[in-house]
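Novice: First the structure, which I've put down as structure tokens, then a few questions once you've had a look.
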């Protein structure tokens, strides 16, 4: 399947701001409007029965926010969490409404303007079908930036947790 | 410039519907023959305020109808017409009609004028009939006139009365000691609240005393106030007629005491009609919570400023903010404990003060959300009356504990389950009168709704004195549906459990009341979703009892913090039986799998929290850690933890907002250091652990 490019980008010429961050060797970008805040690493509270890339939950000004390790999500080599590890808190829109979550990344780079005309579709990478969360690729200062569709990337995970197997066992409980 | 009145429509409709509910409740409580004047007043006020509102907004039909209604009510109020079954029926119908009219106007639909004018005609017929033949009951209502004409005392204090050290309340009390006193307050001169001068007396009184009292005694009471007030003492010309107009039919003497005491003039106090403070004995007080809670603020025009409408969202926001403040305060307290130096003591004192204030603030905010359960109970009298009529049964509804307060969210969700239960009681529980008489019971069955606080919970009971659950029939039905094997023997409790299965119904025929097989499972699911439980007990021929236990609020839980490895978990105190240390060797293994220990003669399974949650514990040796004996869904287990940390009230935060449901966890909270701790859901945890064992 080809890259999913929202309508306004197809009309061309429109630019949007993207927050870029680094994971290992790669640079990724997300729509700045989705970013709630950027904060330093602090210890999380583990949640039982969570997928491995969901590290746990944090208190974000009174609400409980799950923290996802993007390196683990992308099956990259694990990095140690240090004082300079950064958590980007974003919001995703899922079938069950807006959810906030934090992603652990190696570091935040920049906020850049991306002209939608410059976004190239991501090539299909074999039959893995796991690349539909890529919005496309864009070249910024001679570096390739991977634009992420976080609704697909994280939202789907969260929906699975909320409505999937646990949802069924809730129903079993109630019976 | 004209004011756009439509902006007030919503408020008018909302208030009117509420007022109608109150009117209905008052009507249902109205005793035929011996009506409580306060109830009639309540009803009158509703009609009056709806009439006023609809006339203002130009809803002519409603205004015209309520005008006729008011005329009738006025007759009742003055005692000129007795309250009969007919009148009560017509009044109840009027409530329905007014509701229908208001709904129609609200939805901008045409009003069904035929129904309205029919009923209006009925109303007028009743009025006309009464005027032709003055009812003897009306005369009987009046208090027996005393031999001597009664005294009328007009007491009009000057503004400076209070400043000169006189206390009108004391005078009124003294007057009452002389003899039964009727008081009418005149608050005409009461200025606006903004202009009021608390040192000034703005009120005046007209009092009536029995004729036997000497004029001298009356005047003596006012001795000290001489020169500070206008005082007139005069004999009333004809006590009987005057009384009928001026005062309600005589309440018993204790009521008079309350009336006399009621209008002390803390200047600035809002005017209360003298009848608004009838002395209620405990039972009537309990039986009429709506009057206290709902009708008065909503209807008496003068008390309006006593309450405001606030959207629940705003309160929730407030709750959230307060919750965060509590966390910040806990954080500061923890930090403050570590400070050294000359000012550390002061800092700590301040922090202690802060903590106390925080707690009060939190409690007040919680209380804002708490409403008496009468808001739910009040819908039942009408429902029971109608259902009983329809099914040809005689049913008395008993409501107790209506003042029990609980969180609005819980309150809203408990209504439907209760309706289900009450319907079931009436339809299946209470037998028809003939059958009741045959089995030696009074023909009228009783359905009893009760609410009470029990520990940190509220227990709502629905019981009836009907036939009880038919065990044989339930069992037969379950067997025929293959839910129970033909040869299985079940305990009573297990049989009662069957009625909570989805789609289970023993009703032979489906009525429009119940018996469609949706019900008890929905009831249980709703109750469970509120963190509550429902239990049944029943005795054949004596009735059945459903007990719903609910948490008071969904926002806060009393918890015991426990440590497992580096993690902290909160165990709700309500589930904890006790905590203990196991001696080495006191644990046995069952067929090499589950571990059990002996607790008060029972063997309880041990759930190792570190295993269930996949955490690295400090110790795996059972005698080195602690076991928290916890109970959930009627089962007891020992939760193995590293250590107990402390008890605290925690604010429950949802994990589901941003994440999802986790089995064995009911939510999360934020600890004093800002970190997150998970709150255990003990029944869920037992479920998870038994699944693990089974796997």
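Novice: Once you have a ≥ b ≥ c as the square roots of the Cα gyration tensor eigenvalues for the stretch B:64-117, tell me rounded if a/c is under 1.5, and otherwise prolate or oblate according to whether a/b is larger than b/c.
Specialist: prolate
Novice: What FRET efficiency, computed as 1/(1 + (r/R0)^6) with R0 = 41 Å and r the Cβ-Cβ distance, is obtained for residue B:353 and residue B:193, rounded to the nearest 0.05?
Specialist: It comes out at approximately 0.80.
Novice: Would you mind classifying the stretch B:556-694 by shape? Square roots of the alpha carbon gyration tensor eigenvalues, ordered a ≥ b ≥ c; an a/c under 1.5 is rounded, otherwise it is prolate if a/b is larger than b/c and oblate if not.
Specialist: Cα axes put the stretch B:556-694 in the prolate bin.
Novice: Can you give the average number of partner chain beta-carbon atoms within 10 Å of each beta-carbon in peptide B:677-683, as a whole number?
Specialist: 2
Novice: I'd like to compare B:598-604, B:620-626: which one has the highest average count of other Cβ atoms within 10 Å, and what's the full order after that?
Specialist: Working: B:598-604: 12.3, B:620-626: 16.3.
My ranking of the peptides, most packed first, is B:620-626, B:598-604.
Novice: Still on this structure, I have one more. Return the FRET efficiency for the residue pair residue B:112, residue B:416: r is the Cβ-Cβ distance, R0 is 30 Å, and the value is rounded to the nearest 0.05.
Specialist: Result of the calculation: an efficiency of 0.55.
Novice: Would you mind giving the mean number of other chain beta-carbons within 10 Å of the Cβ of each residue in A:53-65, as a whole number?
Specialist: For peptide A:53-65, the averaged partner shielding equals 6.
Novice: Taking a spot 7 Å from the Cα of residue A:78 along the direction of its beta carbon, which residues of the stretch A:44-68 have an amide N less than 19 Å from it?
Specialist: Answer for this model: A:44-58, A:67-68.
Novice: Over the stretch B:556-694, what is the relative contact order in whole percent, taking alpha-carbon pairs under 8 Å and six or more residues apart?
Specialist: Working: 279 pairs, mean separation 40.3, N = 139.
Answer for the stretch B:556-694 is 29 percent.
Novice: Take residue B:578 and residue B:470, extend 7 Å from each Cα along the Cα→Cβ direction, and tell me the distance between the two endpoints in nm.
Specialist: For residue B:578 paired with residue B:470, the spin-label model returns 4.6 nm.
Novice: Report, in whole Å, the centroid distance computed from the Cα atoms of the stretch B:192-211 and the stretch B:610-629.
Specialist: The stretch B:192-211 and the stretch B:610-629 have Cα centres spaced 71 Å from each other.
Novice: OK, next. Between residue B:64 and residue B:633, what is the spin-label point distance in nm, taking each point 7 Å from the Cα along the Cα→C-beta axis?
Specialist: Placing both labels 7 Å beyond Cα along the Cβ direction yields 6.3 nm.
Novice: Hey, another quick one. Classify the stretch B:374-551 as rounded, prolate or oblate, taking a ≥ b ≥ c as the square roots of the eigenvalues of its Cα gyration tensor: rounded when a/c is under 1.5, otherwise prolate if a/b is larger than b/c and oblate if not.
Specialist: Oblate, since a/c reaches 1.5 and b/c is not below a/b.
Novice: Which FRET efficiency value, to the nearest 0.05, do you get for residue B:623 and residue A:42 by plugging their Cβ-Cβ distance into 1/(1 + (r/R0)^6) with R0 = 30 Å?
Specialist: So the FRET efficiency works out to roughly 0.30.
Novice: Suppose each label sits 7 Å from its Cα in the direction of the beta carbon; what would the residue B:328-residue B:434 distance come out to in nanometres?
Specialist: 7.3
Novice: Per-residue mean of other chain beta-carbon atoms within 10 angstrom of the beta-carbon, peptide B:541-548?
Specialist: Details: counts 0, 0, 0, 0, 0, 0, 0, 0.
Counting other chains' Cβ atoms within 10 Å and averaging over B:541-548 gives 0.
Where a number appears in this text, it was derived from the coordinates with a stated rule and is not lab data. Bear in mind the structure is a predicted one, so any value in this text is a computation, not a measurement. Note that we place each Cβ from the backbone using ideal geometry, even for glycine, and neighbour counts take in every protein chain shown.
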